[in-house]
Amino acid sequence: MDCTKASVLMSAAVDGELSFSEEEHFLSHLSECKECSGEFDDAKKTKMIIKEKIIRFKAPQALIDSIMQLTNFDTRETEETRLYD
Amino acid sequence: MNKPAPTQQKKTLEKNATLSREERKKQLEFQNEAVVHLHSLYNYALHITMNPDDAEDLVQETYLKAYRFFNSFERGTNCKAWLFKILKNNYINRFRKDSKEPGKVDYDLIKDFYHSIKDTRNDTTEADSDYFHSLLHEEVYQALHSLPEEFREVIQLCDIEGFTYEEIANMVDSPIGTVRSRLYRGRKLLRVQLEGYAQKHGFNTDDNQ
């Protein structure tokens, strides 16, 4: 495997989306290529930064309540949702 | 979400004789399968609309549509992915056609969001020389939003929401190969942005440690 081929597989390798044999070839290339190996580490790090540093917000209670009304067992509220049927 | 206890549920069922058995089953299944993803949908809506009111409208609309068409949801597949696809279509139909300019980043809004958040940069317990830990939440957010939409979208769906390539490909109506290359290029672009911030904090990112 050359560097071009490795770069095509790079993101899939980061995300665990490679087939077993693809992964084998990819890793064997990394063991011989410092550049691709560094790029692989950087890509993994970038993914981790996004995962850890992007903050998740809680949905506002009013929104939660209104969505829950859709599936509420209360008759009155259920009739309301029927308007959308 | 709150699931009624079996006994309580039974009682309610008897009371609501007007409600068909089928409808009740649908409601319960909808709660378990779809409503549990409410926070994810809201966060994604916030990211693409950059406006809390629009995000609420979008999520509300998505759930109304999802409930109405719940019978067409293929059981056993990823319901979250199904909901995201509906949300995305709603967004395109509704907001793109409006006079609203898509992709315009409202930095005041970001500041409001991140304003009250205590950043961990200064109180991290790990002794690290890594630029990773120097980055502020707000900087990562801005870096992500500086990317062209096609790259930002796949990174969000993959790294934040944890969808598979197949699910993402279906959501963005592109082949898996395109998803792969967008992720590859998007992460490269993102890294340039992040390293810019890290350098501002005094980290030399050229170092290969």
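The values are calculated or read from the model by the stated rules, or taken from the named source; none is laboratory data. Just so it is clear, the structure is predicted and the values come from calculations on it, not from any experiment. Glycine gets a Cβ as well: all are built from the backbone with ideal geometry, and neighbour counts include every protein chain shown.
Here are the numbers for this structure:
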quantity: Helices (runs of 4 or more DSSP H) wholly inside region B:1-104 that include at least 3 residues being at pLDDT 80 or above, under 22 Å from A:MET68 (Cβ atoms) and out of contact with any His (no Cβ under 7 Å at 6 or more places or on another chain); calculated: B:21-33, B:38-49, B:52-68, B:79-91
quantity: Flag for A:SER37 being loosely packed, with under 15 Cβ neighbours inside 10 Å, modelled with pLDDT of 95 or more and either out of contact with any strand residue (DSSP E or B) (no Cβ under 6 Å at 6 or more places or on another chain) or among the polar types (S, T, N, Q) (or both); calculated: no
